[in-house]
Structure formats: C-alpha cells, structure tokens
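Take a look at the structure below.
The values are calculated or read from the model by the stated rules, or taken from the named source; none is laboratory data. This structure is a prediction, so every number in the text was calculated from the model and none was measured. Cβ coordinates were reconstructed from backbone atoms using ideal geometry, including for glycine residues, and neighbour counts include every protein chain displayed.
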Amino acid sequence: MHLSSIPIDKNWSFTQVGGGQGTKDGEWVPVANFPTTVHVELLKLGRIPDPFVGLNEWEVQWIGEAEWAFKCTFGADDEILKAPYVDLVFDGLDTYCTVQLNGKKILESSNAFVSHRVPSKDLLKSKNELVLTFPSTFLQGKSLEKEHGKFHLWNGDSSRLHIRKPQYNYGWDWGPVLMTVGPWKSIKIEAYETRISDFRISTAVDPEAVGSDFVKANISIGIEGQKQGVSATIKPRGALVNAVSVSPVALDSGAGSASFSVKQGDCELWYPVGYGKQPLYTFDLTIKDASGRDLHTSSLVVGFRNVKIVQDELEDGHTFVFEVNGVRIFCGGSNWIPADSFLTTMTKDRYKDWLKLLVDGNQNMIRVWGGGIYEHDDFYDLCDELGILVWQDFMFGCGQYPAYDSFVASVKLEAEQNVKRLRHHPSIAILAGNNEDYQLAESINAIDYSDEKSDFRKGPFPARYIYERVLPEVTAKHSDIFYHRSSPYSGFGKPTTDKSNGDLHQWNVWHGSQEPWHNWDILAGRFVSEFGMEGYPDIRTVDYWLGGDKSERFPQSRTNCNHNKADGFERRLELYLMENFKHAFDMESYVYYTQIMQAETLASAYRLWRRNWKGRGKEYTAGALVWQINDCWPVTSWAIVDYFLRPKPAYFAIKRELNTYTVGMTRKEKKTSASPDSVAHFTIDTVLKIWGTNSTLEAKEATLDIKSFDLEDETWTDHIVKAVTLAPNASTELWSGALPGQPQRTKLSEVPKTIVVSARLVDADGSTVLGRYSNWPEPFKYIHFPSVAEAGLKITPVDGGVKLECKKPIKGIVLDVEGEEVKWSDQAIDLVPGDPQTVLASGLNGRTVKARYLGDGSA
C-alpha cells in the first residue's frame, strides 16, 4: 500500500483537570481550531480577558499552573487497520504531556521542540479515543530545579532552564509571562508498508567551474518498514527534468545513496536578495516494491549555492563575512522573535507580511533568536523564495543551562530532528549554539577559554558540553551548515565583548555603559548581530492596549509601564531623550519623540558600520542585525515594526541606510591647545567627512551634491558639486574638510552656528537621486528651531501620495492622518529647501495629512 497520512484534527475538546477557572469539573469544551493551546481557546470562549490589553496578563497566570487535557475520537478504516505498520505522529506537544490511546498510555513527552512517532497498530480499532493530559510544565520545571539545582540566567523564572519549551513564554524584557499549553502542532495517523524516514540532498557549488562540475550533489535515503526488494527513484521537476538523471537506488539495507552533477547553464545559483535570483528546484523521491508499486513519495525543494563564513586575518583580529557563491555580502538585517505569544494563531500570510516588510526595507538577513522556536516551515520557505539569509540559533537563551543525562539526551534528539528538517533550505547560512550564554558565563567568571578539552558537564559552565560537543557533532553529521558556538562568540580565545573577532552584541547603547549613539563608530564589531534602541509603537497600538481607559493615557501610567518589560526603561528612555531632545510629555508627543530617537539611533549605526565595509580584505564590519524587527504582543520595545505590522519611523530610517547607494557624513570637533600648559587658549575646528556606499558589484559614477544652510541666517548657503566614483561592493570616502560656514572657535562661549548639511548622490542622468542624507548639529536640544511659519512645511497631495517642500531645513518629519493608518513609503524625513520629496501613501483616501517634526511647537 502507498503511505496513507490522515490528520487527526476533528472532534477535539478540552478541560481543566479537576475543574477551576477554565472549565467546570468534568466539563469538556469543543475546541475552535486545531492545533491549539489553552489561552487561545479560553479567549475565544470569552472565559478569560484579552491578555494583551491593560493588566490582563496577570489575570491569566493560573493557566500555566493548572493541569489540562485534550481528547478526541477518530475512526480507522479497514485499509488502515490492515496496514503492516500504523503510527500516530505528534509534531509538537507543549510541553509535558502523557498520551493515551484507547485507555493505554503510549507516550510521555517533555520537549515542545520534538516530534514523536508512536507505533500504534496493536491498539487501534475502527473507533478510537485519544487523550492528551498536560500537567503544569511550570511546576515540572520547579521540581526539576529542586532536583538538579538552580542556575544563573537573565529574564524569566530560573526553572525555565530545565524545560525544553519556548523560553520567552516565561517572560522577557519585551514579552509577557504567558505559559502556553496544548497540542501546538499537528497530529496525524500514518499507515504504510514502507515509508521514507530520511531524504537529504547535499550540494557543493563551484561558481568558477565549467562543465558538469558546476554543481555536485549527493543524495542519501533512509526507509522504515518493509525493506526487502525496495528501491528508490529520484526525479527532478521543471528546468532540471532533462538536465539531471539519477539511477534507481536499492534500499534492501534500509538506506541508500546516489549522486548527480549539473552543468553550467543547466541551472542557476541561489543568491540573497539584491545579488541575484532565487531559483528553487524540486526533487521527487519515490520508493517502490519489487513489483514496481509506489509505496511512498516525498519531495524536497533545494537551491544551489555555496555559503562560507570567512574569518580572514586582519591587522587586528579577523573578519566575520558571509560569502555566497564567491560574493561577499554586507548583511543588513534584523533579529526575529516569535511573532505571537500564541503561536497557533500564526498563518503563512502573517509570516509573508512580516518577511515582505523585511525585504521591502532593503534587509537581506534575519536572525532567528534562541529564546523562541525553530520556526514553522512556512517561514523558511518564504526566506528561500524572497532571498533572505537566515541566521538560526538553537533554542537556548540567556542562561546557564544544565547538562545532566536526561536533559542532554532530549537536546540531542531536538537538534537532530530540527537540523534534518531545516538543512535543505538555501536561505539558512549559519547555526549558532545559543543566545548570550557565553556572555552570561563571562559575567559570573564561569568560563576559561584556554580549556578546549574538558568534559564541562561537572564544571561551572556545564552547557559547554552541549555547545561544543553535542550540537557541532549533530550539525556536522546531518547538514553542511556552518556551526558557530554562540551569539555572540568571538573565537580565538577572546571574550564575547571582543570587537575584532566573531560576532558582537553591542548593548553599550541602552544597556551597559549607556554610551551616546554617536559613538557607534567606536563601538563597531566585525559583525554586530544585536544592537538597538527602544521606541513607542504607533499611537493606535498604544490605544489598543489601553483598552479605552483614557485615565491611563499618559507615558508613566501603570498600564503603559506594564507594556514595557525592559528593566529601567523609564530612566533609559529619558536619559537618551533628555541628552538629545527638548521634548513634550503628552502621549502623542512621547510616542513621537521616542520614535525619532529610535530612528536617529539605528540609522546612525547602519550608516557608520556600513562605512566600515571598505572592500575585499577590509571588511571591518560585515553586518548589522538590529534588535529587533517584530513583537509577540502590543508593547513598547526595541522592535522597528509593532505587533500589528505597523512600521515605526526607525524602519524607514534603516531602509534608507540599506539602499543600494547611500551617502553618509560625520562632523567632529577638533580641539587644539596653544601649548601643553594652557587650558585657556585653544582653537576648535569642525571637520566634515562624507562617504558613499555601493552594494552592487560594479563601480558607479555619480555626482556628489553638497548644500549647506545656516538655520538662523537664511541669506547664507554653500554649494559644492563633485564628480565621484563609488567602488563596487564597498564604501568610498568622498570628501573631507572644514564644515562650510563654521568659523574656527577660540572660546567655549562662542556658540557654533546651526549649519545643516545636505548631501545627495545624483546619477549620471542628473535627475535621479541615488541617496541623500542631512547632517545636523547635535544634540538637537540646543537648536533654536525656526517657527512653524518660517520653516514653511508644505504638504501637497499628488498622485499616489504627497509632496513635501520647505522654506528652511526641517528635521524628523513623521506623517499621519486621523483614523485608520496609512501605509507610507517613508517616514522620519529630513527636508531642505530646493529638494522636495514625494512620499507614497496607500489608504490616504483624501484625508488631511498632519506632520510632526522637531521644532513643531510641541516642546
């Protein structure tokens, strides 16, 4: 018989064991959807308040400490009952669960990240009952902690370290405490004679090769069930039908292998977005018995590409560069957390909306963070299709995890299953052992980098055994993906804070020493895989979580504070606001000023670090991944797009800095003393430096157009025009000199002029602006902005959007309308006279556009 796979997704109901707030004792309530979890069902039934609104998060904590059960009835026809092998397959149970089939226990599960296949032929009948009982995973964790010890961590309850469950469920510094429970992935029955248990296509690409060696591939196959006389055929679809031929493979031993090669011209290579196409090729594997009957068919979609992480020696340390098909890529992207606290509500369309936003924002990499989940197949399929490189963490985050035998065995199974599931995706470029666990170990002096040989399990950092033994072995055995011990991890015996090796989480802006964001240039690393700045979400999102309570509609309200989980956020937001802005405290204004601060901070990081991408052998910074693109609930966080997919101004500021061509500037004051012994006599010169970037592989001829304005003297301007050549796939220094219009100063009481410099890169046609950036004197709080009338912002409706013009330079324009939001093509806009900008607007529908900007009279 051909394998028959039937979902068990009907006739499900659930109950709170023993009764309680969720259901009465003995009450079984039908579920609305399957797969599902308890919060989702209770919310649909109206038995709990929305945890995303107000303080309701704390009204539902009892759910995670209660015991729950799910049950269903399902039929099995004669064909299934007569099959030689019949399995029940559980793709994911959250988290501790006992499964009974027709009254007999068939499974005990304790890891939400693993699937289970249970032979069930002997217990099946024509009518069957399946019961899943979920004791409190939280209480199980507490019990394990008492048995095995309490370990150090950042975020959440320390018992989470013993539990293989999405760690963010325990609460994080951007997420609520919502301990989900239930059958969160599909359950099905599979009947078969023989089934495919493993199908791997391992490819090697030589972009320089000609002939049949362009792509070489090895195929490995594993089967279960009846093996005698079974063989396999592998056939490509589409463009490769006539280009690739694979001989049948005998599988009498339960396994087999084959190989093929592809000539140059018969296939195309997969590239990240912006560097080439994303061709994908489907291969069908069919196993047959001796008589030629089909027993099972499986398909695998692959892309042909060669990914390397290049760690070449530099004069100081080493590079950390992603190279795809011989092309070195500057990785501008984001970190990804689970997009919902309730994962069963995620759909392919929601994933697509998120990842499309990433690509539309000129980003080419996403990091799946280690405190969430190994994402749904849809997520990785979309990354393959869209050309997004994936940095994939294993699911360990901010903790000193244990390494006792049962824990390690569970982790090994988890790693094997997920590496096998993910390895065929061309988008996945790296697997990292964890998030910040080495950094935490350093903070408690629990690591000796000179020791590479110990077992580690009985030492102060037991999980080194997992990260340096188990995970690299599993990764190497089952995939071709590069393994990195942690993120951040420097290697070469250096600590995670080392800026000259490996990847870096640069949190000395916001956390740590709370540096000014203007210091990003001296805070750079070889690859900055985390950095960020908080900003409020759209005012509509704030109003959602306020739930109509207008008495709480001020920044310091209890409700607003509950919707910001970062330690010390009040001090840190206000530190950066007060250091840089004159600002107001009404709700709309606080939203605006935090958003502009976030936009300025993050744009500055991308601008300064992309400058460090100076060409082959000089890749001093090879990537920047902002923390973070998304939220799991409505909240004030570091996200650049909020839970409802509303982009913050920072999203657009980053988008500009990751354009194909950009222009950047710095202004620095240079103080020179008249003599070593004098502090009263000195000179201060203001130096302006301008550079451009080009992410294409060809040099670009352009014109650098520099205009300077004195904000307090509209009669003075300066104009410099220079022909420039932007080097390919690199940054290029374009201009350096004294800041136009700024005289040398000899006293600190001499207030510098408020000079705004606008630089544009203009294409050879003279009309296409390739990139623009306006450099303003900082901090902005010292600026005496012109009045609203003097600034003269003019917003004119045009086809598809609005045209912006001004009489004097304007900083930080954010557009909005009353009512439902508009989808804007740009925000956080700087505007100067003589350089109008058009912003596209979807959903404007004739409504009046309002604008906020620095100096708009609100502060």
* Among the listed residues Ser143, Ser126, Ser136, which satisfies the condition of being more than 24 Å from Ala66 (Cβ to Cβ) and at pLDDT 95 or above? -> Ser126
* Structure fact -> The correct count of residues that are in a loop (DSSP other than H, G, I, E, B) and touching a residue at least 40 places away in the same chain (Cβ under 8 Å) in the range 371-394 is 7
* To do: Determine whether the range 244-261 contains at least one residue that is exposed (fewer than 13 other Cβ atoms within 10 Å of the Cβ) and at positive phi.
  => no
* Structure fact -> Going through (1) more than 34 Å from the chain's Cα centre (by Cα); (2) without any contact (Cβ under 8 Å) to a residue 12 or more places away in the chain one by one, Thr768 fails only at (1)
* To do: Would you be able to tell me the number of residues in the range 122-138 that are surrounded by 16 or more Cβ atoms within 10 Å (Cβ to Cβ) and either outside any strand (DSSP E or B) or of a type in the set (Gly, Ala, Ser) (or both)?
  => 6
* Considering each of Gly370, Gly332 in turn, give the residue that is surrounded by 21 or more Cβ atoms within 10 Å (Cβ to Cβ), farther than 14 Å from Pro272 by Cα and not hydrophobic (A, V, I, L, M, F, W, C). => Gly370
* Which numbered condition Asp543 fails, given (1) of a type in the set (Asp, Glu); (2) outside any loop (DSSP other than H, G, I, E, B); (3) touching a residue at least 24 places away in the same chain (Cβ under 8 Å) -> (3)
* Structure fact -> Reported set for the range 730-755 where residues are assigned to a strand (DSSP E or B) and either under 14 Å from Trp716 (Cα atoms) or free of Cβ contacts under 8 Å to residues at least 24 places away in the same chain (or both) is Ile755
* Structure fact -> Among residues of the range 262-284 being in contact with a Phe, Trp or Tyr (Cβ under 9 Å, 6 or more places away or on another chain) and among the charged types (D, E, K, R), the residue surrounded by the fewest Cβ atoms within 10 Å (Cβ to Cβ) is Lys277
* State which residue is nearest to Thr541 (Cα to Cα) when the search covers only the range 30-72 and only residues that are surrounded by 19 or more Cβ atoms within 10 Å (Cβ to Cβ) and of a type in the set (Gly, Ala, Ser). => Gly54
* Within the range 424-455, how many residues are within 30 Å of Leu389 (Cβ to Cβ) and either in a loop (DSSP other than H, G, I, E, B) or at pLDDT below 95 (or both)? -> 10
* Hits in the range 285-313 (condition: loosely packed, with under 14 Cβ neighbours inside 10 Å and among the acidic types (Asp, Glu)) -> Asp294, Asp312, Glu313
* Could you say whether any residue in the range 167-186 is in a strand (DSSP E or B), touching a Lys or Arg at 6+ places or on another chain (Cβ under 7 Å), within 30 Å of Phe396 (Cα to Cα) and among the hydroxyl-bearing types (Ser, Thr, Tyr)? -> yes
* Asked: Restricting attention to the range 473-528, which residues are surrounded by fewer than 22 Cβ atoms within 10 Å (Cβ to Cβ), outside any loop (DSSP other than H, G, I, E, B) and within 20 Å of the chain's Cα centre (by Cα)?
  -> Phe482, Tyr483
* Asked: Can you tell me which of Ile8, Ile63 is under 30 Å from Thr194 (Cβ atoms) and touching a residue at least 60 places away in the same chain (Cβ under 8 Å)?
  -> Ile8
* Asked: Among the residues of the range 386-427 satisfying the criterion of being within 17 Å of Val301 (Cβ to Cβ) and basic (Lys, Arg), which is farthest from the chain's Cα centre (by Cα)?
  -> Lys420
* To do: Scan the range 618-652 residue by residue and report those that are over 23 Å from Ile829 (Cβ atoms) and either at pLDDT below 95 or under 15 Å from the mean Cα position of the chain (by Cα) (or both).
  => Gly623, Leu625, Trp627, Gln628, Asn630, Asp631, Cys632, Ser637, Tyr643
* Residue, modelled with the highest pLDDT, within the range 191-240, restricted to residues that are over 20 Å from Asp284 (Cα atoms), charged (D, E, K, R) and surrounded by 14 or more Cβ atoms within 10 Å (Cβ to Cβ) -> Asp206
* Tell me, please, whether a residue that is among the basic types (Lys, Arg) and not in a loop (DSSP other than H, G, I, E, B) can be found in the range 578-600. => no
* Quick check, is Ile706 of a type in the set (A, V, I, L, M), modelled with pLDDT of 95 or more, closer than 28 Å to Ala791 by Cβ and surrounded by fewer than 19 Cβ atoms within 10 Å (Cβ to Cβ)? -> no
* For Phe322, are the conditions met, namely being in a loop (DSSP other than H, G, I, E, B) and surrounded by 21 or more Cβ atoms within 10 Å (Cβ to Cβ)? -> no
* **Any hit, the range 832-840, residues being among the β-branched types (Val, Ile, Thr), buried (at least 18 other Cβ atoms within 10 Å of the Cβ) and either at pLDDT 95 or above or at negative phi (or both)** => yes
* To do: List every residue pair whose Cβ atoms lie under 7 Å apart, where the two residues are 6 or more positions apart in sequence or sit on different chains, the first residue falls within the range 283-309 and is over 21 Å from Ser245 (Cα atoms) and outside the structural domain of Ser202 (by TED's automatic domain parsing), and the second residue, located anywhere, is modelled with pLDDT of 95 or more and acidic (Asp, Glu).
  => Lys308/Glu323
